[in-house]
Amino acid sequence: MSTELDVSIRKKEAELQPLILYMDNLSQRFIDDTTRFAAAWFESKTFEYATKKPEITMKLGKERLAQMKVQVIALSRNAGHIVSNALSGPAAWWHRNPHVNEPAGAYEQLGNDKVGNKFPEVLDKPVRRALGELGNILGQFGYGVTTGTQASAYHEFWFERDETGAIRPFFPHLFEWSKEMQDTIMEYDGVYKRAIVLFDEITKLKEEKKRQEAAALWDSA
């Protein structure tokens, strides 16, 4: 019986492996999609703040605005590094640390006519951390944003506390992923749902093999 289980395990592992590799390719595509999105977003969001708060923009003057632009352009050019740091950890991607008991809907995108799309939290949070880096610049130039702990009724709080209590930048407002980001994760979600079923079957087969081996050892003692 143990031999039959070994054959079944190997067969299902052979089915799972190409799915894992494909998911890894999709995760890198999503990082690339998000890098392009963030690079453009940093500049467009800065312009949005400059125009929706004209009194601050006029007070800064041409020289200070030029300094801010230089920092925003540098941030955009560094988007690949920022996004990669936010999204490369194993916590964001099931295939990098396959495990049981993960919800089947972990990577689903949900639409809502009132508040827009709801993106999978496991990825939405790290994307927001990457975007939150802009808050450092907006705060520095007086646009009412803080990524720290300053308490003020006039600040937007662009930060979160992690599980250790440390504070890090975090974009808190509604926004839409790019179409490319959404399409990539829709594809990842489809492969993920196939992969978790296979992984669960493999896990159960391995547990059964252990039980049979334990029973055989008991009988031989």
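The values are calculated or read from the model by the stated rules, or taken from the named source; none is laboratory data. All of these numbers come straight from a predicted model, not from anything done at the bench. Using ideal geometry, Cβ is built from the backbone for each residue, glycine included, and neighbour counts are taken over all protein chains shown.
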If you take the residues of the range 176-196 that are surrounded by 12 or more Cβ atoms within 10 Å (Cβ to Cβ) and free of Cβ contacts under 8 Å to residues at least 60 places away in the same chain, which of them is nearest to GLU13 (Cα to Cα)? GLY190
Evaluate the range 145-152: report whether one residue or more is surrounded by fewer than 19 Cβ atoms within 10 Å (Cβ to Cβ), of a type outside the set (Gly, Ala, Ser), out of contact with any Ser or Thr (no Cβ under 9 Å at 6 or more places or on another chain) and assigned to a loop (DSSP other than H, G, I, E, B). yes
So in the range 153-171, with the set limited to residues that are assigned to a strand (DSSP E or B) and over 25 Å from LYS52 (Cα atoms), which one is modelled with the lowest pLDDT? ARG161
So ALA66 fits all but one of (1) surrounded by fewer than 19 Cβ atoms within 10 Å (Cβ to Cβ); (2) within 27 Å of ASP24 (Cα to Cα); (3) out of contact with any Ser or Thr (no Cβ under 8 Å at 6 or more places or on another chain); what number is the exception? (2)
Can you say whether LEU5 is surrounded by 11 or more Cβ atoms within 10 Å (Cβ to Cβ) and at pLDDT below 95, as far as the supplied structure shows? yes
Mind checking which pairs have a first residue in the range 17-40 that is closer than 15 Å to HIS81 by Cα and small (Gly, Ala, Ser) and a second that is modelled with pLDDT under 95 and assigned to a helix (DSSP H, G or I), Cβ under 6 Å, 6 or more apart or different chains? none
Yes/no for LYS59 being over 30 Å from TYR188 (Cβ atoms), surrounded by fewer than 13 Cβ atoms within 10 Å (Cβ to Cβ) and touching a residue at least 60 places away in the same chain (Cβ under 8 Å): yes
Residue check, LYS118 under 26 Å from GLU156 (Cα atoms) and either surrounded by fewer than 11 Cβ atoms within 10 Å (Cβ to Cβ) or more than 15 Å from the chain's Cα centre (by Cα) (or both): no
From the option list GLY165, GLY142, single residue qualifying as surrounded by 14 or more Cβ atoms within 10 Å (Cβ to Cβ), of a type in the set (Gly, Ala, Ser) and at positive phi is GLY142
